[in-house]
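What follows is a single structure, and I will ask about it in a moment.
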Amino acid sequence: MIAEYVIVGGGAYGCAVAYHLASQGRSVVVLEAVGVGGGASGGPGKRGVRGNRRDLRELPLLREAHRLWPRLADELGAETGYVRSGSVSLIEEEVVGGRGGVVAAEAHAYTQTRFGIPTEVWDGARVREVIPGLSGNVRAALHVPGDGVAAQYRTTLAYADAARRSGAVIHEGAKVLELRSRQAGRHARVVTEDGRAVEAERAVLLAANSSVPGLVRENFGHVVPAWTVYPQVVLLRPEHAVTLPLLVGHDSRLISVKSLDGGLIQLSGGWRGRFDPDTGRGEPVEANVRGNIAQLEALLPAAGELTRVSVHVASPETATVDQIPFVDAVPGAEGFYLATGWTGHGWALLPAASRDIAHLLLHGTAPSTLAPFSLSRIP
Ligand SMILES: Cc1cc2nc3c(=O)[nH]c(=O)nc-3n(C[C@H](O)[C@H](O)[C@H](O)COP(=O)(O)OP(=O)(O)OC[C@H]3O[C@@H](n4cnc5c(N)ncnc54)[C@H](O)[C@@H]3O)c2cc1C
């Protein structure tokens, strides 16, 4: 089998880059180990499209993503579940270390706005007008009206379908084990677990999330300094209905809250499950589930008792030391590129980052938006 571009991994990034390449007339084969959207880009609930308190190096991409998300469903011809709800990052403390608190709010709002993410500071009364039932300890919030949420699985399938309509071929159940770089007149190629070899006339993109560091190390001996985490999402049914019209984050607590259909609350914010070597999957850590829920109880006492509906920690995600991704050519492996290390917040960037990754593959040069994500930032 041969194509101009081969993509390893059929998550949101693999499918979206395939769509951008195929819709520009390029031949593309995607090899997905299990099923499209079966990894971090799947699972229940929604994902936050959040610029509020995001790493400044990601804001140029996020600004572009804010522009692209509202029109994505029309472009792909399928629902994405995107809602521009706005977000708040709640503030309870006067000072939080060197980065937060009421004292830092105006500076964050100014900086985010200068990066093209309009942000305003709300006082506690204004926040409680919008979210009645919020704890009286909330003193202020950063409000970003351009933030929102989107449905990850539906959007990933929408990208995959649009890629197929443009001619891309997506093979599921095709786990890639072996990588061979371009050399001595031979194309770069990959080999699947069941022995299928696929050649790439132009380039291979490794978009297999937590598998990327291992694939690169085992095949090319290069270290991608990143590790696997199992982000925790808890679905809760509140005793009393609460109004949560925005995506809610926090300045100092590990908490992120979204409201789902049917009065359910989706709770996350940086808590993790752990790897279970027996099942090879993530499993919940009870103390972390309780810790996450305790944060919400403190913030939203009006919700009353919070009944657990389900806990999800199965999807691996790759984290990096500086908490921003790696998008680059693989050193010493001609014809290979990688995009991984989204560190739990890759979703929001998807429409813009996938388009720019496709540009990197087509032209061999990274647009300026991707420059901070180069592997060369690690000496
Ligand atoms: C629970 C959770 C909550 C999150 N919440 C948010 C949020 O609110 N906002 C936000 O911005 N981001 C969020 N994220 C992060 C975001 O969802 C991810 O960064 C993004 O989905 C990563 O997409 P991906 O395509 O790189 O990876 P994945 O979707 O994991 O896709 C990688 C694919 O590669 C396949 N694969 C693996 N190994 C191989 C192999 N050897 N051969 C072939 N295929 C292989 C896998 O089966 C998988 O389908 C969250 C992530 C999780 C897990």
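Select, from GLY167, GLY124, GLY116, the only residue that is buried (at least 16 other Cβ atoms within 10 Å of the Cβ) and out of contact with any Asp or Glu (no Cβ under 7 Å at 6 or more places or on another chain). Full working, then the answer.
On the way: GLY167 fails: buried (at least 16 other Cβ atoms within 10 Å of the Cβ); GLY116 fails: buried (at least 16 other Cβ atoms within 10 Å of the Cβ).
After applying the criteria, what remains is GLY124.
Can you find even one residue in region 26-46 that is among the polar types (S, T, N, Q) and either assigned to a helix (DSSP H, G or I) or within 8 Å of the ligand (Cβ to nearest atom) (or both)?
yes
May I pose another question? Within the group GLY270, GLY291, which residue is in a loop (DSSP other than H, G, I, E, B) and under 29 Å from GLY100 (Cα atoms)? Please lay out each step first, then the result.
Working: GLY291 fails: in a loop (DSSP other than H, G, I, E, B).
After ruling out the rest, the residue left standing is GLY270.
For the list (1) surrounded by 21 or more Cβ atoms within 10 Å (Cβ to Cβ); (2) part of a helix (DSSP H, G or I), I need the number of the one condition that HIS143 fails.
Going through (1) surrounded by 21 or more Cβ atoms within 10 Å (Cβ to Cβ); (2) part of a helix (DSSP H, G or I) one by one, HIS143 breaks only (2).
Moving on. Taking region 112-137 as the region of interest, how many residues are under 18 Å from GLU58 (Cβ atoms) and more than 23 Å from the chain's Cα centre (by Cα)?
Counting residues in region 112-137 that are under 18 Å from GLU58 (Cβ atoms) and more than 23 Å from the chain's Cα centre (by Cα) gives 1.
State the number of residues belonging to region 311-358 that are open to solvent by 20 Å² or more (accessible area, probe 1.4 Å) and not in a loop (DSSP other than H, G, I, E, B).
Of the residues in that region, 7 qualify.
Just one of ALA162, ALA203 is in contact with a helix residue (DSSP H, G or I) (Cβ under 7 Å, 6 or more places away or on another chain), open to solvent by less than 40 Å² (accessible area, probe 1.4 Å), more than 14 Å from the ligand (Cβ to nearest atom) and assigned to a helix (DSSP H, G or I); which is it?
Selected residue: ALA162, the only one of ALA162, ALA203 that is in contact with a helix residue (DSSP H, G or I) (Cβ under 7 Å, 6 or more places away or on another chain), open to solvent by less than 40 Å² (accessible area, probe 1.4 Å), more than 14 Å from the ligand (Cβ to nearest atom) and assigned to a helix (DSSP H, G or I).
Would it be correct to say that GLY195 is away from the ligand (no atom under 16 Å from the Cβ) and not in a strand (DSSP E or B)?
no
May I ask you to list the residues in region 273-288 that are assigned to a strand (DSSP E or B) and within 13 Å of the ligand (Cβ to nearest atom)?
ARG281, GLY282
Which members of region 259-296 meet the condition of being crowded, with 16+ Cβ neighbours inside 10 Å and within 22 Å of GLY86 (Cα to Cα)?
SER259, LEU260, LEU264, ILE265, GLN266, LEU267, SER268, GLY269, GLY270, GLN295, LEU296 - these are the residues of region 259-296 that are crowded, with 16+ Cβ neighbours inside 10 Å and within 22 Å of GLY86 (Cα to Cα).
When the residues of region 88-113 are narrowed to those that are of a type in the set (S, T, N, Q) and open to solvent by less than 20 Å² (accessible area, probe 1.4 Å), which ends up nearest to ALA65 (Cα to Cα)?
GLN112
Follow-up. Specify which of the listed residues (GLY81, GLY77, GLY51, GLY14) is near the ligand (Cβ under 9 Å from one of its atoms), not acidic (Asp, Glu) and not assigned by TED's automatic domain parsing to the domain that holds GLY269.
Sole residue among the options that is near the ligand (Cβ under 9 Å from one of its atoms), not acidic (Asp, Glu) and not assigned by TED's automatic domain parsing to the domain that holds GLY269: GLY14.
Kindly list the number of the only condition in (1) touching a Leu at 6+ places or on another chain (Cβ under 9 Å); (2) open to solvent by 20 Å² or more (accessible area, probe 1.4 Å); (3) not hydrophobic (A, V, I, L, M, F, W, C) that fails for ASN209.
Failed condition: (1).
So which residues in region 1-25 are surrounded by fewer than 24 Cβ atoms within 10 Å (Cβ to Cβ) and either free of Cβ contacts under 8 Å to residues at least 60 places away in the same chain or assigned to a loop (DSSP other than H, G, I, E, B) (or both)?
Answer for region 1-25, where residues must be surrounded by fewer than 24 Cβ atoms within 10 Å (Cβ to Cβ) and either free of Cβ contacts under 8 Å to residues at least 60 places away in the same chain or assigned to a loop (DSSP other than H, G, I, E, B) (or both): MET1, SER23, GLN24, GLY25.
Let me ask something else about it. Can you work out which of the residues in region 170-187 that are more than 15 Å from the ligand (Cβ to nearest atom) and open to solvent by less than 70 Å² (accessible area, probe 1.4 Å) is modelled with the highest pLDDT?
HIS187
Can you name the residue in region 233-258 that is of a type in the set (Val, Ile, Thr) and more than 13 Å from the ligand (Cβ to nearest atom) and is also surrounded by the fewest Cβ atoms within 10 Å (Cβ to Cβ) among such residues?
Among them, the one singled out is THR243.
Looking only at region 304-351, count every residue that is within 12 Å of the ligand (Cβ to nearest atom), of a type in the set (A, V, I, L, M, F, W, C) and modelled with pLDDT of 95 or more and tell me the total.
Counting residues in region 304-351 that are within 12 Å of the ligand (Cβ to nearest atom), of a type in the set (A, V, I, L, M, F, W, C) and modelled with pLDDT of 95 or more gives 13.
Also, quick follow-up: For residues that are within 11 Å of the ligand (Cβ to nearest atom) and assigned to a strand (DSSP E or B), scanning just region 213-232, find the one that is least open to solvent (accessible area, probe 1.4 Å).
Only one residue tops the list, namely VAL229.
The values are calculated or read from the model by the stated rules, or taken from the named source; none is laboratory data. Here the structure is a predicted model, which is why all the values come from computation and not from measurement. A quick note on method: Cβ atoms are made from the backbone with ideal geometry, for glycine too, and the neighbour counts reach across all protein chains shown. The accessibility values were calculated without ligands, DNA or RNA, using every heavy atom of the protein model including side chains. Shrake-Rupley method; radii C 1.70, N 1.55, O 1.52, S 1.80 Å.
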